[in-house]
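The values are calculated or read from the model by the stated rules, or taken from the named source; none is laboratory data. Here the structure is a predicted model, which is why all the values come from computation and not from measurement. We place every Cβ from the backbone using ideal geometry, glycine too, and count neighbours over all the protein chains shown.
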Amino acid sequence: MKLNKRYFRSIKSNVSFYVSSTILSIMTLFLFFMMNISGKAIWEFGDKFFISQNVEDANFTTYLPISEDEIEELEKEYGVTLEPQYYNNIETDGVTTRVFKKTKEINLYSITEGKDIEKNNEIIISEGYAVYNKVSIGDELMIGDKEYTVTGFFQRPDYLYMLQNENDSYKNVTTFFLAYVADEEFENLGCENCLYLIRYDEDNQIEFRKEINEKYHMRTYISASENMRIDMVKMQAEMFIVISYIILIIMPLIVVVLVSIVINRKVKSEQKMIGTLTALGYKKSKLMLHYAGFAMIPGLFGGVLAAIFTMIFAQPFGKVGLQDYEPMRIECHLEPIAAILGTIIPTVMYVLAAMNSVNKLLKKDTVLLLNGNSEHGEKGHRNILVKNKVSFRMKYALRSLIGNPSRTFVVFLGIFLGSYIALLGYSFLDTMEHTKKNMVDEMGSFEYQYVLNELVEGSEYGGEPVVMSTVENEAGKQFSIIGTSDSNPYLSLSDIQGKDINLEEGYYITSIMAMLQNIEAGDIIKLCNPLTLEEYEITVAGIVDNDMQTAIFTNKENAAEILGIDENVSNVIMSDVVLDIPDSKVTQTIKKTDAKEQFQNMSNQMNVMIYFLIGIGAIICVASIYVAVNMLVTENRSNISMLKVLGYKDKQINQIVLRINHILLPIGILVSIPLVFASTNGFMVWMAEFIGVLPQSYIAPESFVYTTILACCSYFGSLFLLRRKVSKVDMVESLKENRE
């Protein structure tokens, strides 16, 4: 007897199991492939683009200008490349245009479509804004009081992640874009802002920075590793790749639980065959490998089909993860190693599960296997409610649920997984929306923050003057230090216990900073002023309840000491109304509405991936329940046949057999809720390192309704597909079994 002949017959008689299991494998691999393709594509594009466009190592601003001759001297002395970047921020009808003057050596732009500017009335703009707002080449754009013709789109290496301000949490392509005009036209605009781009060719950063601060008085300094516009490219690429391999391990493990339970029951259902083969002399290892072949099918076919499909549609798959950046013209592809791992890992898991099941079964007595009684002594469920006068349907349902815990668990797990994945997707969207509406106000009651390009004394422009700058910790991570007074009307600071804070008592860190850097009240931390490179030690007086800013709050005197400035001057003005400050005095204007818009944009960009996730959840739910209920019908063929002999109609049998798992539907949905909260919170904590904000987990009431509807549709849809299985059972089967 050749065991291999059984493969085709087994697949033919259990085609629904193999199809459902293969679909489950494919769905989990789609998530792995999508994340992996996106991560690798971002990484490869970023590396090449940064090199080809000569991205900066850092940028800085100074209170005193550096002349061209002085720049040449600094380049020779320190072996660096130093170039001024001139730009203007022009606001037109609520849209800010950052107009640059062309640089020749650092942060070179690349024309992605159209042609470069040639005339004074021509302009090229950043492509992300053009795509979002449907701006075409040849369109006319009003910037300030002049109309320009768009001749092309471009990308810059330091603006692949389009942040309007360095401390923003998310890109802005709705009300902000970059532009270049001809050099002559730029001179006509009148230069208002200048920052210096630096590339270090030798290891002498410290000496260079000290001299710049001593001679020209640095106002800001941001290294490329702390510049989210640049560093987010690498960080998100790493994040996607890490998540993809977590998915590759975790998701197949969940599916393998489902499949292994089904395989285990399938093996047990063939115990007579296994007993016969054992009696005929087949070795244990031979039988284990034979049944491992059955288990290999869903993993192998699922992996191969998922890999082929992904290779064909690699481009749209990869682009799902590129939504956060300027349009990247890249060729997405599935790497061979990812395809191989995606096929091998689930397959190995399924094979090991099958071999383990056969191994356990073969430890039973061969005589029991031949008689089909390997589970002898485990039928206590048959006596459940034996003396109780409850209805036959109730007894049947309870005995089926309790007597077959593994099968019951498969149904529960299918409902749970579908509900969990769908609700998790909704929770991400709801959390972003809740943050936009509620948490942004944690920053204060101001509507505008004017960052000045000079230190001013007093408050001649109105509003509340404060001192704000960046400092570094020992690891080189930058965060804000804010010096203000307790009487600041726009800041109502309280600690995590809800008590008001007295800034005269020292330094207070925000709750998100305390979490990210594992700091507690009373801790001593070291700070470095990135401008002067001087180090300070401070004692943390308390924790400010603020998950929207990574910052230290203190009084102006303390902040001035660390920043090396006079305590009576300030560089930021807070206000709840628009102030009449000359544009030449303002480096940037931070609006609270911009922060809210960033979270709205984040939510909008997540939609594609979220709904893809929800769709996968629905498919997993349908496939899992289909596998489990199909198993239930198969294992109860004799009972169904007997019910037909007793005169029950197919509709009545469906009600008896298929409805026994209804109680698991609300349980699976309810159990998913706390785990979704925990998962969302864990993800947001992890993301806080990247975006500098800690959104609080939130699920809107309507999301529970949508998830419930989705789970119910998936559940009852699976049952509907299985109705025909009951009608195909012949009543002769029970008579055959009795004759045996």
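One line per residue, one yes/no per condition, for (1) surrounded by 19 or more Cβ atoms within 10 Å (Cβ to Cβ); (2) within 17 Å of residue 328 (Cα to Cα); (3) in contact with a strand residue (DSSP E or B) (Cβ under 9 Å, 6 or more places away or on another chain):
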| residue | (1), (2), (3) |
| --- | --- |
| 117 | yes, no, yes |
| 127 | yes, yes, yes |
| 146 | no, no, no |
| 159 | yes, yes, yes |
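From the list 526, 499, 436, the lone residue that is of a type in the set (Lys, Arg) and surrounded by 14 or more Cβ atoms within 10 Å (Cβ to Cβ) is 436. Somewhere in region 169-187, is a residue crowded, with 17+ Cβ neighbours inside 10 Å, of a type outside the set (Lys, Arg) and within 30 Å of residue 623 (Cα to Cα)? Checked against the condition, which is being crowded, with 17+ Cβ neighbours inside 10 Å, of a type outside the set (Lys, Arg) and within 30 Å of residue 623 (Cα to Cα), region 169-187 yields no hits at all.
When region 654-704 is filtered for residues that are at pLDDT below 85 and among the small types (Gly, Ala, Ser), the ones remaining, listed by number, are 688, 692. Keeping to region 120-137, report how many residues are in a strand (DSSP E or B) and either more than 15 Å from residue 95 (Cα to Cα) or aromatic (Phe, Trp, Tyr) (or both). Of the residues in that region, 3 qualify. Of the strands (runs of 3 or more DSSP E) that lie entirely inside region 11-119, those containing 3 or more residues that are touching a Lys or Arg at 6+ places or on another chain (Cβ under 9 Å) and over 30 Å from residue 610 (Cα atoms) span 58-62, 80-92.
Can residue 603 be described as crowded, with 20+ Cβ neighbours inside 10 Å, within 27 Å of residue 422 (Cα to Cα) and of a type outside the set (A, V, I, L, M, F, W, C)? The answer is no for residue 603. When we screen 643, 563 for residues that are surrounded by 18 or more Cβ atoms within 10 Å (Cβ to Cβ) and in contact with a helix residue (DSSP H, G or I) (Cβ under 9 Å, 6 or more places away or on another chain), the only hit is 643. Residues that are surrounded by fewer than 15 Cβ atoms within 10 Å (Cβ to Cβ) and of a type in the set (S, T, N, Q) were ranked within region 649-703; the one that is nearest to residue 415 (Cα to Cα) is 655. A single member of 274, 206, 261 is at negative phi, surrounded by fewer than 21 Cβ atoms within 10 Å (Cβ to Cβ) and either at pLDDT below 80 or out of contact with any Leu (no Cβ under 6 Å at 6 or more places or on another chain) (or both), and it is 206.
Here 539, 550 are screened, and the one residue that is under 30 Å from residue 424 (Cβ atoms) and in contact with a Gly (Cβ under 7 Å, 6 or more places away or on another chain) is 550. For region 320-341, the criterion of a residue being buried (at least 17 other Cβ atoms within 10 Å of the Cβ), touching a Pro at 6+ places or on another chain (Cβ under 9 Å) and either modelled with pLDDT of 75 or more or under 29 Å from residue 131 (Cβ atoms) (or both) is satisfied by at least one position. Selection of first residues in region 62-89 that are in contact (Cβ under 8 Å) with a residue 24 or more places away in the chain and loosely packed, with under 13 Cβ neighbours inside 10 Å and of second residues that are among the basic types (Lys, Arg) and part of a helix (DSSP H, G or I), restricted to Cβ pairs under 9 Å at least 6 apart or on distinct chains, gives the following pairs, ordered by first then second residue: 64/215. Within region 324-363, being within 19 Å of residue 37 (Cβ to Cβ), assigned to a helix (DSSP H, G or I) and in contact (Cβ under 8 Å) with a residue 24 or more places away in the chain holds for 338, 339, 341, 342, 343, 344, 345, 346.
Looking only at region 472-498, filter to residues that are more than 32 Å from the chain's Cα centre (by Cα) and not in a loop (DSSP other than H, G, I, E, B); which one of those is farthest from residue 551 (Cα to Cα)? Only one residue tops the list, namely 484.
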